[in-house]
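Chemist: For reference, the structure I am asking about is given below.
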Amino acid sequence: ILLSYMQGIQRQGSNQIYQGNQLGCHKGHLYPAMAASGNPAIAANSVESTYQYTNAVPQCGSFNTGQWRVWEGRIRNYARNRCISAGGIVYLLTGISFVAFQNTQPPLPIQVQIHQLPGGIYKPSSMWTTGTCRFQNGTTQSFAVIGNNVPHPPGMLTREITQVELENILTFDVTTNGLKRAITADRRVKLFPGAGKSIPIELPEEEYPPTDESKGSKKPPSPKSSPKKPSSSPG
């Protein structure tokens with residue numbers, strides 16, 4: 001979980017690291033502003049805290065306001081109307097990867113060229129969110145969503161996968177790109193090691209809160225087409 005207050009961070013980024021890029025990148029939220037809610041007395045501060053550079057990565061604009069936005073809404077729907085409403089607690093992890101994936105079942109990770117913006121920051125090749133809902137009786141449910149961070153919808157391929165499939169993609173990223181981890185014999189990624197055996201679920205088809213677009217269609221935009229009325233809100 002990305003905390004709104006991150007103790008120990010002394011420096012933030014700036015607009016300069018995003019300016020002049022030819023990739024059409026937004027300052028894409030990891031923890032979306034629309035998910036910052038709760039106590040009305042602190043809700044405004046919670047939303048404002050998401051607009052920090054430690055909570056942003058270079059994200060293709062059409063991906064940010066298109067397929068990724070829709071799936072964020074479906075995750076909010078599940079958290080509010082299926083997990084929390086049933087007395088559960090939902091734990092979310094959002095991150096990036098420097099590998100992409102192919103349109104196969106299961107999705108196969110592939111090594112791709114890594115692009116660097118003029119300001120020195122690297123554009124992720126893909127973005128992902130995974131969640132685990134733990135109920136009071138000890139049972140858990142899980143899901144994961146991943147999409148390729150590219151400007152054209154046919155290549156985004158944003159989809160729901162299992163946590164195990166996501167862990168396989170991230171393990172490929174760690175080993176292929178030499179990402180820093182503890183030096184151990186087992187370099188496999190384990191996202192929720194304390195959750196035990198979890199039941200994979202399918203996210204609801206509707207977004208939350210409902211949008212004008214989602215009222216007319218229950219399905220997210222196809223990877224072959226972009227939304228008709230994309231939102232201008234970041235993250």
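Chemist: Going through the range 51-110 one residue at a time, which ones are farther than 29 Å from Pro210 by Cβ and of a type in the set (Val, Ile, Thr)?
Modeler: Thr54, Val99, Thr104, Ile110
Chemist: If I ask for residues that are small (Gly, Ala, Ser) and modelled with pLDDT of 95 or more, which ones from the range 106-128 would you list?
Modeler: Step one: of the range 106-128, the residues small (Gly, Ala, Ser) are 119-120, 125-126.
If the condition is that a residue be small (Gly, Ala, Ser) and modelled with pLDDT of 95 or more, then Ser125, Ser126 are the ones that fit.
Chemist: In addition: Which one is nearest to Thr140 (Cα to Cα), of the residues in the range 59-77 that are in contact with a Phe, Trp or Tyr (Cβ under 7 Å, 6 or more places away or on another chain) and either of a type outside the set (D, E, K, R) or without any contact (Cβ under 8 Å) to a residue 40 or more places away in the chain (or both)?
Modeler: First, the residues of the range 59-77 that are in contact with a Phe, Trp or Tyr (Cβ under 7 Å, 6 or more places away or on another chain): 73, 76-77.
Pick out the ones that are also either of a type outside the set (D, E, K, R) or without any contact (Cβ under 8 Å) to a residue 40 or more places away in the chain (or both) and you get 73, 77.
Values: Gly73: 21, Asn77: 17 Å.
My answer is Asn77.
Chemist: Also, I was wondering about something else. Sort out which residues of the range 80-118 are under 17 Å from the mean Cα position of the chain (by Cα) and open to solvent by 70 Å² or more (accessible area, probe 1.4 Å), and write them in order of number.
Modeler: Once the filter is applied, which keeps residues that are under 17 Å from the mean Cα position of the chain (by Cα) and open to solvent by 70 Å² or more (accessible area, probe 1.4 Å), the range 80-118 yields only Tyr91.
Chemist: Which of the residues spanning the range 136-170 are more than 21 Å from Ile199 (Cα to Cα), surrounded by fewer than 17 Cβ atoms within 10 Å (Cβ to Cβ) and in contact with a strand residue (DSSP E or B) (Cβ under 9 Å, 6 or more places away or on another chain)?
Modeler: Taking the range 136-170 first, the residues more than 21 Å from Ile199 (Cα to Cα) are 147-158.
Keeping just the survivors that are surrounded by fewer than 17 Cβ atoms within 10 Å (Cβ to Cβ) gives 151-152, 154-155.
Selection gives Pro151, His152, Gly155.
Chemist: Further, regarding this structure: Take Val57 and tell me if it is open to solvent by less than 80 Å² (accessible area, probe 1.4 Å), outside any helix (DSSP H, G or I) and modelled with pLDDT of 90 or more.
Modeler: Here the answer is yes, as Val57 does meet what is asked.
Chemist: Right, here's the next one. Name every residue in the range 174-204 that is charged (D, E, K, R) and modelled with pLDDT of 95 or more, in order of residue number. Reasoning before the result, please.
Modeler: Of the residues in the range 174-204, the ones charged (D, E, K, R) are 180-181, 186-188, 190, 197, 202.
Answer for the range 174-204, where residues must be charged (D, E, K, R) and modelled with pLDDT of 95 or more: just Glu202.
The values are calculated or read from the model by the stated rules, or taken from the named source; none is laboratory data. Just so you know, these numbers come straight off a predicted model, no measurement behind them. A quick note on method: Cβ atoms are made from the backbone with ideal geometry, for glycine too, and the neighbour counts reach across all protein chains shown. When the accessible area is computed, the model is the full protein with side chains, heavy atoms only, and any ligands, DNA or RNA have been set aside. Shrake-Rupley method; radii C 1.70, N 1.55, O 1.52, S 1.80 Å.
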